[in-house]
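Participant: Dumping the structure here so I can ask a few things about it.
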Amino acid sequence: MGVVQGPAQQTRPSLLLRDIQVHRGRQTVLKGLSLTIATGAITVIVGPSGVGKSTLMGVLNGLIRPVAGEVSVAGLGPLSDPGVLREHRRRTATVFQEHALIDRLTALDNVLLGMADRRHPLSPLPWPADLQRRAAQALLEVGLLHRVNARADTLSGGERQRVGIARALVRNPSLLLGDEPFSAVDPALTRRLGDEFKSLVSGAGITVVLVLHQIDIARRLADRIVGLADGRVAFDGPPETFDTAAQSRVFPRHELQHDSPASQSTS
Ligand SMILES: Nc1ncnc2c1ncn2[C@@H]1O[C@H](COP(=O)(O)OP(=O)(O)O)[C@@H](O)[C@H]1O
Ligand SMILES: [Mg+2]
C-alpha cells in the first residue's frame, strides 16, 4: 500500500516539534522537547514509564495540545491551525493494542472500521464494494485473507494484532502511530509481528512512530531511536549507537532490563 518512495525520502522531515511543553494534571510532562520525525522511517520512542511517551504520541496525532512550542507538519503547516489538524488526522492511522477490536464483528468488518470516517456514520447501507475490496486487500497483506469472515473473538492474539495492523494500513496513512502495539503478545510473537510489520511499512513511504518498551525489539525495528528522560530527548540516533552507556542515560538502573529469550509463540 502507499506509494513506493526511494531512499532519498528518508531524510525529509515529516513532523517538526520545537520546544514543546505539555502539562498533564498539575505536572509539566514534556519540558521544552524538540524533535524532528523523518519521513518514511521508523522512529521508536523509548523511556522509563511515566516519562511522557504516550503524551508525546498524543501530541503527534494532534489530540494533545502543547501549552508552549510548536508542532508543524511538513507541507501543511502548524497543527494549531484547525485546517492543518483536520488534514493531519485524516492522514494518520494508529495501531492499538489487541483489545481495540470489536469482538462480535468479523475480521473484515473490524478492518472496515479503519475507514469509518470515509462514510456517513449512520449509513444503513453495506460498505461500498471498493472499500470492502481495500479491507480484504489489507487482510491479504497481513496474511489473514483466510480469516476474513472469522469473528474477532475467535482469533488468536497474533491474528488479532494483524487485524489491528490491517485496520491502520487500510487508511493508506502517511503517518502510522503505535503506542506499545505489541504489548498484548508474548516476546517471541512480538519479534515475528514486529518483523512482519517492518517489512509491510518499509519501502511504502509511511512515516512510523512506535513506543516500544522492549529494548531489543526497539533496536530491531527502528531506523532511529529516540530516548526520553525528564521531559526531554536524552538520546536520538540509529539503533546501533543505542549502547549500554546511551541506555543508562535514558533509563534508571532498575528499569534497564533485557528480555528473556523467546519462550513460546502462540500465533
Ligand atoms: N490525563 C492525565 N491526567 C493527569 N496526569 C496524567 C494524565 N495522563 C498522563 N498523566 C501523567 O503524565 C505523566 C506521563 O504519562 P505518560 O505520557 O502516559 O507516560 P508514559 O507513556 O511514558 O508511561 C505521568 O506522570 C502520568 O501520570
Ligand atoms: Mg504510555
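Participant: Given a Förster distance of 51 angstrom, what is the FRET efficiency for D153 paired with D223, based on the Cβ-Cβ distance and rounded to 0.05?
Facilitator: Efficiency computed from Cβ-Cβ geometry: 0.90.
Participant: For the pair L16/R65, report the inter-label distance in nm, with labels modelled 7 Å from Cα in the Cβ direction.
Facilitator: 2.2 nm
Participant: Determine the sum of side-chain charges near R147: Lys and Arg each +1, Asp and Glu each -1, restricted to other residues whose C-beta is under 9 angstrom from that of R147.
Facilitator: 0
Participant: If Lys and Arg each add +1 and Asp and Glu each add -1, what is the summed charge of the other residues whose beta carbon sits under 15 Å from the beta carbon of K198?
Facilitator: +1
Participant: Amide H of V233: which non-local residues (sequence gap of 5 or more, or other chain) have their own amide H closer than 5 Å, using H built in the peptide plane?
Facilitator: Here the answer is S34, since their amide H atoms fall under 5 Å of that of V233.
Participant: Shape verdict for the chain, please, from the Cα gyration tensor: rounded (a/c under 1.5), prolate (a/b greater than b/c) or oblate.
Facilitator: Cα axes put the chain in the oblate bin.
Participant: Relative to the present Cα-Cα distance, how much length would full extension add between L125 and S202 at 0.36 nm per residue of separation?
Facilitator: That pair, L125 and S202, stretches by 24.2 nm at full extension.
Participant: Quick one: helix 82-91 against the long Cα principal axis of the chain, what's the angle to the nearest 10°, folded into 0 to 90?
Facilitator: Approximately 60 degrees, to the nearest ten.
Participant: Given the chain, what percent of its DSSP beta bridges are antiparallel, to the nearest 5?
Facilitator: 55 percent
Participant: What is the distance, in nm, between label points placed 7 Å from the Cα along the Cα-to-Cβ direction at D216 and at S34?
Facilitator: Inter-label distance under the simple model: 3.7 nm.
Participant: Still on this model: Can you tell me how much longer the chain between R192 and A100 gets when fully stretched, taken as 0.36 nm per residue apart minus their C-alpha distance, in nm with one decimal?
Facilitator: The span from R192 to A100 would gain 31.1 nm if fully extended.
Participant: Then there's this: Just from its helices, what would the mean residue ellipticity at 222 nm be for the chain, if runs of 4 or more DSSP H residues each count -39500 (n - 2.57) and the sum is divided by every residue, rounded to the nearest 500 deg cm²/dmol?
Facilitator: Value at 222 nm, helices only: -8500 deg cm²/dmol.
Participant: Next up: Residues with amide H under 5 Å of V29's amide H, sequence separation 5 or more or different chain, H placed in the peptide plane at 1.01 Å from N; which?
Facilitator: Hits under the 5 Å cutoff: V22, H23, R24.
Participant: How much net charge surrounds E70 when only other residues with a Cβ under 13 Å from its Cβ are counted (Lys, Arg +1; Asp, Glu -1)?
Facilitator: Residues near E70 contribute 0 overall.
Participant: Can you give me the Cα centroid spacing of the stretch 9-84 and the stretch 118-154 in angstrom?
Facilitator: After rounding, the separation between the Cα centres reads 32 Å.
Participant: A further question follows. With both partners inside the stretch 123-237, how many of the DSSP beta bridges are antiparallel, as a percent to the nearest 5?
Facilitator: 50 percent
Participant: Can I ask one more? Apply the Karplus parameterisation 6.51 cos²θ - 1.76 cosθ + 1.60, with θ equal to phi minus 60°, to every residue of the stretch 148-165 and state each ³J(HN,Hα) to the nearest whole Hz, in sequence, with x for glycine and proline.
Facilitator: 4, 9, 6, 5, 4, 6, 9, 8, 6, x, x, 5, 4, 5, 5, 4, x, 5
Participant: So if I restrict to the alpha-carbon atoms in the stretch 62-106, what is the Rg, and what is Dmax, the biggest pairwise distance, in Å?
Facilitator: 14.6, 43
Participant: Next question. Could you size up the charge dipole of the stretch 89-183 around its Cα centre, putting +1 on the beta carbon of Lys and Arg and -1 on that of Asp and Glu, and report it in debye to the nearest 20?
Facilitator: Result for the stretch 89-183 is approximately 380 debye, rounded to the nearest 20.
Participant: To the nearest 20 Debye, how big is the dipole of the chain about its Cα centre, given +1 on the beta carbon of each Lys and Arg and -1 on that of each Asp and Glu?
Facilitator: I would put it at about 560 debye.
Participant: Right, something else. H146 versus E240, label points 7 Å from Cα toward the beta carbon: distance in nm?
Facilitator: 3.8 nm
Laboratory data are not the source of any read-out in this text; all were calculated from the coordinates shown. All values reported here derive from a predicted model rather than from experimental measurement. Every residue, glycine as well, gets a Cβ built from its backbone with ideal geometry; the counts of neighbours run over all protein chains shown.
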